[in-house]
1. Restricting attention to the stretch 132-154, report how many residues are surrounded by 12 or more Cβ atoms within 10 Å (Cβ to Cβ) and either away from ligand 1 (no atom under 12 Å from the Cβ) or in contact (Cβ under 8 Å) with a residue 60 or more places away in the chain (or both).
2. Restricting to the stretch 65-87, what's the tally of residues that are assigned to a helix (DSSP H, G or I) and either surrounded by 15 or more Cβ atoms within 10 Å (Cβ to Cβ) or in contact with a helix residue (DSSP H, G or I) (Cβ under 8 Å, 6 or more places away or on another chain) (or both)?
3. Could you please find all residues in the stretch 12-23 being under 16 Å from residue 99 (Cβ atoms) and either in contact (Cβ under 8 Å) with a residue 24 or more places away in the chain or touching a strand residue (DSSP E or B) at 6+ places or on another chain (Cβ under 8 Å) (or both)?
4. Output the number of residues of the stretch 98-119 satisfying the condition of being under 19 Å from the mean Cα position of the chain (by Cα) and more than 9 Å from ligand 1 (Cβ to nearest atom).
5. So which of 163, 129, 102 ends up being within 23 Å of residue 25 (Cα to Cα), touching a residue at least 12 places away in the same chain (Cβ under 8 Å) and part of a helix (DSSP H, G or I)?
6. Residue 86 is checked against (1) in contact (Cβ under 8 Å) with a residue 40 or more places away in the chain; (2) over 16 Å from the mean Cα position of the chain (by Cα); (3) within 16 Å of ligand 2 (Cβ to nearest atom) and fails just one. What number does that condition carry?
7. Give the number of residues within the stretch 35-60 that are more than 10 Å from ligand 1 (Cβ to nearest atom) and crowded, with 16+ Cβ neighbours inside 10 Å.
8. Could you tell me which residue of the stretch 1-10 is modelled with the lowest pLDDT, considering only residues that are in contact with a helix residue (DSSP H, G or I) (Cβ under 6 Å, 6 or more places away or on another chain) and either under 16 Å from residue 158 (Cβ atoms) or surrounded by 14 or more Cβ atoms within 10 Å (Cβ to Cβ) (or both)?
Ligand code: HEM
Ligand code: HEM
């Protein structure tokens, strides 16, 4: 198993970051959906507390993932892809990273503005980022939902692009993000 990225393949660490974050983001949408259907009460508070803890975990993992990416360049796009697709891929990956950081930040700022300190799984309480303010609360509350919609749509486009690479272009762009694929992963 190769931990670092190679010229042709994502390494195990980059893959682990990718797939753990995918699972956590899906969890976030499920928890938010559940919170939406619950009446005010303990179950709602517990669901939102879990949503906040998982969201902060995504924030930390996204930062670590970017640090790892900076230390360990990712494999280049296949040169057979048209230039516009290479640019679109770059822009969409930047946007995905931005959303993985912005969504939790908006949530954290929303909670700080509401004067609800964010607890991470009951283990640690995070510092408030801003002073309580009704206006700021409204801004970050109103912003959290459209950001989630953009993330949702972008993730769908991203998945469609991965499937297109695999089934139409028949290159190994999807395979190189999959842990069980050994192709192209020669040890250096
Ligand atoms: C990548 C991370 C996150 C994702 C994908 C995400 C996604 C969502 C979604 C889809 C909703 C439902 C929006 C709606 O229909 O109103 C929501 C609501 C909410 N999120 Fe997040 N969230 C994330 C991180 C966080 C964090 C870190 C916090 C707080 C520390 C947070 C706090 C909240 C709260 C309090 C609500 C309920 C808002 C309301 O009163 O309607 N979220 N989130
Ligand atoms: C919440 C959902 C997802 C998010 C936020 C996400 C995010 C990302 C990001 C930020 C990258 C860029 C990695 C880098 O080069 O640093 C990436 C790459 C990739 N993702 Fe996802 N991803 C998601 C779901 C998926 C799914 C479901 C698939 C498979 C169908 C997938 C397949 C890929 C592939 C194949 C790459 C590598 C692309 C390349 O080599 O240029 N992703 N993803």
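The values are calculated or read from the model by the stated rules, or taken from the named source; none is laboratory data. Note that the coordinates shown come from a computational prediction; the quantities given were computed from them, not determined experimentally. No Cβ is skipped: glycine too gets one built from the backbone with ideal geometry, and neighbour counts run over all protein chains shown.
1. Of the residues in the stretch 132-154, 8 are surrounded by 12 or more Cβ atoms within 10 Å (Cβ to Cβ) and either away from ligand 1 (no atom under 12 Å from the Cβ) or in contact (Cβ under 8 Å) with a residue 60 or more places away in the chain (or both).
2. Within the stretch 65-87, residues that are assigned to a helix (DSSP H, G or I) and either surrounded by 15 or more Cβ atoms within 10 Å (Cβ to Cβ) or in contact with a helix residue (DSSP H, G or I) (Cβ under 8 Å, 6 or more places away or on another chain) (or both) number 5.
3. 17, 18, 21 - these are the residues of the stretch 12-23 that are under 16 Å from residue 99 (Cβ atoms) and either in contact (Cβ under 8 Å) with a residue 24 or more places away in the chain or touching a strand residue (DSSP E or B) at 6+ places or on another chain (Cβ under 8 Å) (or both).
4. Here the count works out to 1.
5. On the way: 163 fails: touching a residue at least 12 places away in the same chain (Cβ under 8 Å); 129 fails: part of a helix (DSSP H, G or I).
Residue meeting the stated conditions: 102.
6. Of everything listed in (1) in contact (Cβ under 8 Å) with a residue 40 or more places away in the chain; (2) over 16 Å from the mean Cα position of the chain (by Cα); (3) within 16 Å of ligand 2 (Cβ to nearest atom), residue 86 misses just condition (1).
7. 1
8. Among those that are in contact with a helix residue (DSSP H, G or I) (Cβ under 6 Å, 6 or more places away or on another chain) and either under 16 Å from residue 158 (Cβ atoms) or surrounded by 14 or more Cβ atoms within 10 Å (Cβ to Cβ) (or both), it is 9.
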